[in-house]
Amino acid sequence: MSPVRLLPWALHEAIEYLAGVFFVLAPFVFQFQDGRAFPVFVGVGVVILAIAIISKGTLGVVDVLPTPVHALLDYLLGFFLLLAPFIFAFENQAALTISIFLGLAHLVITLITRFPSADPATDVESGISEQTPHS
């Protein structure tokens with residue numbers, strides 16, 4: 001566990017919604033709809049949005065995905081984004097750069113996030129306010 005947990009969980013969740021939308025729109029904005037990166041970017045965007053929607057948290061809609069699983073999936077997505085340009089041989093320079101940069105960003109954001117723990121007392125001590133789940 002990282003000693004530096006600066007990013008509040010709610011902000012992490014908000015960033016994921018923005019990142020998911022960005023990944024879905026990036027091939028159109030940066031003109032790589034016909035390349036190998038297109039399905040990777042759209043797929044990653046959909047996965048990020050799905051994780052955000054089903055995660056337990058203030059911005060989760062369904063509240064079924066436990067936070068440790070969310071964190072694990074975030075790490076896997078970060079590593080996947082770092083490796084995807086090489087695995088799939090991205091032809092577009094923008095796609096390669098964006099994938100590597102956002103893969104690193106995803107890992108850093110996950111490393112510095114103050115995830116809520118299973119013990120609410122620990123969350124109160126670390127400054128994470130208790131939120132009621134959606135009905």
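The values are calculated or read from the model by the stated rules, or taken from the named source; none is laboratory data. On a predicted model such as this, the values are computed, not experimentally measured, just so you know. Positions of Cβ are generated from backbone atoms using ideal geometry, with glycine treated the same way; all protein chains shown enter the neighbour counts.
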Inset, instruction - Look through Leu65, Leu83 and report the one residue that is among the hydrophobic types (A, V, I, L, M, F, W, C) and more than 14 Å from the chain's Cα centre (by Cα). - result: Leu83
Inset, instruction - For residues that are surrounded by fewer than 19 Cβ atoms within 10 Å (Cβ to Cβ) and farther than 15 Å from Ser99 by Cβ, tally how many sit in region 32-53. - result: 6
Inset, instruction - Would you check if there is a residue in region 34-48 being of a type in the set (A, V, I, L, M, F, W, C) and at pLDDT below 95? - result: no
